[in-house]
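This report concerns only the one structure given below.
The values are calculated or read from the model by the stated rules, or taken from the named source; none is laboratory data. No experiment lies behind these values; they were computed from the predicted model shown. Neighbour counts are summed over all protein chains in view; Cβ atoms, including those assigned to glycine, are modelled from backbone coordinates with ideal geometry.
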Amino acid sequence: MNLYLRLLVVLLKTLFSAKRDLLEPSRITFRVAPLDCDLNLHMNNGRYLTLMDLGRIHLLGQTRMLGPMLRARWMPVLGAAEINFIRPLGPLQAFSLVTRLVTWDEKYFYIEQRFESRGRICAVALVKGLFVANKHRVDSGTVLRKFGLDMDAPHMPEVVRHWNDLSALKRKHYG
């Protein structure tokens, strides 16, 4: 299925879904289309990242943050992504994409995204993203206040701290 058609379906689903709390996971189902597959006849690794974009849009829509975010002209931008492939998703196989906000700091929101099928995890990813307006980042506190949320960030898991340490090391060596 064309990705724009999938985007339209995701947007329509968010219109008719119940509002979710910011920390509540979002779940959306897909099926591996033939054009999602590579020569090994399983979903192409690049397609996972593209579908993850749709999962994050779904999460924003279900938390009712998508409309106000677009009106404020805030654009979500991904800073990094790490994905682990556990088992393949084959042609026409149904799967769920579960997206949840893990935590945040002053700059980034950290999101876990899991691909699940037949009760098993097929891939799991951790991404960090931020919002940009007029080529400047919008700090996380501003984003949360825009939606009337005054809450502390959940505990930052060790994997996120380790990932941030690696990012700092990379910046030191590569600018």
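Okay, here's what the table says:
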quantity	calculated
Selection within region 98-125 - more than 15 Å from GLY46 (Cα to Cα) and touching a residue at least 40 places away in the same chain (Cβ under 8 Å)	VAL98, THR99, ARG100, LEU101, VAL102, THR103, TRP104, ASP105, TYR110, ILE111
Which listed residue is modelled with pLDDT of 95 or more, more than 22 Å from CYS37 (Cα to Cα) and in contact with a Phe, Trp or Tyr (Cβ under 8 Å, 6 or more places away or on another chain), from VAL132, VAL124, VAL160	VAL132
ILE86 being loosely packed, with under 14 Cβ neighbours inside 10 Å, touching a residue at least 24 places away in the same chain (Cβ under 8 Å) and among the β-branched types (Val, Ile, Thr)	yes
Neighbours by Cβ (under 8 Å, 6+ apart or cross-chain): first from region 150-175, closer than 15 Å to GLY79 by Cα; second modelled with pLDDT of 75 or more and hydrophobic (A, V, I, L, M, F, W, C)	VAL160/VAL102; VAL160/LEU126; TRP163/ALA80; TRP163/LEU126; SER167/ALA80
Scope region 1-28; condition in contact (Cβ under 8 Å) with a residue 60 or more places away in the chain and within 19 Å of SER96 (Cβ to Cβ); matching residues	LEU23, GLU24, PRO25, SER26, ARG27, ILE28
Members of region 7-29 that are over 18 Å from the mean Cα position of the chain (by Cα) and buried (at least 17 other Cβ atoms within 10 Å of the Cβ)	none
Residue under evaluation LEU78, criteria (1) surrounded by 13 or more Cβ atoms within 10 Å (Cβ to Cβ); (2) over 30 Å from ASN134 (Cβ atoms); (3) in contact with a strand residue (DSSP E or B) (Cβ under 8 Å, 6 or more places away or on another chain), criterion not met	(2)
Region 30-63 - residue that is charged (D, E, K, R) and without any contact (Cβ under 8 Å) to a residue 60 or more places away in the chain and, of those, surrounded by the most Cβ atoms within 10 Å (Cβ to Cβ)	ASP36
Test: residue in region 107-114 that is surrounded by 16 or more Cβ atoms within 10 Å (Cβ to Cβ), of a type outside the set (Gly, Ala, Ser), over 17 Å from PRO76 (Cα atoms) and modelled with pLDDT under 90	no
